[in-house]
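Rule-based calculations on the coordinates, nothing more; no lab input. What you see is a predicted model; the values in this text were computed from it and never measured. Here the Cβ positions follow ideal geometry from the backbone for every residue, glycine too, while neighbour counts run over all protein chains shown.
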Amino acid sequence: MKILMLHVDDFSYEAKKKAIKSAENVSQKSYSTSNALVVFATVEPNDSKVLDDVVKDIVEQLNRLKVNEVVLYPYAHLSSTLAKPGEAIKVLLKLEEMLKEKGVKVHRAPFGWYKSFQIKCKGHPLAELSKRYSP
Ligand SMILES: Nc1ncnc2c1ncn2[C@@H]1O[C@H](CO)[C@@H](NC(=O)[C@@H](N)CO)[C@H]1O
């Protein structure tokens, strides 16, 4: 798995169009928030094995930033070895569940959609962090 964590003043997205057949059917097509940790996540094969480490790092970053909201954003652009959509959505749902079990407020952006987004990154020294995990 590859993740990019951005501490934002503001973040909003709008789901525009389904990109794949297995795109989620979603009732909420847009979302906006402030002072949150946006986690762009690219799922790679066998990533269910790295979720404990991913959760640990996200929770540590939330504690450093004194933030409790995560926007989990499926993002197929941080790796060239993508897990298939069926596997990727399962891993993201599990990641969302594990973060919520830790008391984190999580909003997961729709899977399988082209989305527009606006982002205002805070720009302090800890505002941007990328991590890579190998099973
Ligand atoms: N291995 C994977 N990891 C994370 N997300 C993945 C994925 N495979 C498919 N997706 C989702 O399907 C959309 C089209 O690839 C992806 N959409 C996006 O990545 C948007 N930023 C539009 O480009 C994403 O929602």
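At-a-glance table
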read-out: Full-extension gain in nm, Lys102 to Asp52, via 0.36 nm per residue minus C-alpha separation; value: 16.8 nm
read-out: Nearest-20 debye value, the stretch 14-84 charge dipole, Cβ charges on Lys, Arg, Asp, Glu; value: 380 debye
read-out: Charge dipole (the chain, unit charges on Cβ, about Cα centre) - positive-most of Val71, Val59, Ser27; value: Ser27
read-out: Relative contact order (%) - the stretch 1-99, alpha-carbon pairs under 8 angstrom, separation at least six; value: 34 percent
read-out: Peptides 28-41, 115-128 ordered by average Cβ neighbours within 10 Å, highest first; value: 28-41, 115-128
read-out: Length gained when the stretch Cys121-Ser27 is fully extended (0.36 nm per residue, less Cα-Cα span); value: 31.1 nm
read-out: For the stretch 48-61, Karplus couplings with θ = phi - 60° (6.51, -1.76, 1.60), whole Hz, Gly/Pro x; value: 4, 6, 10, 4, 4, 5, 4, 4, 4, 5, 5, 5, 4, 5
read-out: Simple Cβ-charge dipole of the chain, Lys/Arg +1 and Asp/Glu -1, about Cα centre, in debye nearest 20; value: 320 debye
read-out: Radius ratio Rg over Rh of the stretch 12-93, counting only Cα atoms, Kirkwood formula for Rh; value: 0.97
read-out: Point-to-point label distance, Ser34-Glu14, nm (Cα→Cβ direction, 7 Å offset); value: 2.0 nm
read-out: The chain: calculated mean residue ellipticity at 222 nm from DSSP helix runs of at least 4, using -39500 (n - 2.57); value: -8000 deg cm²/dmol
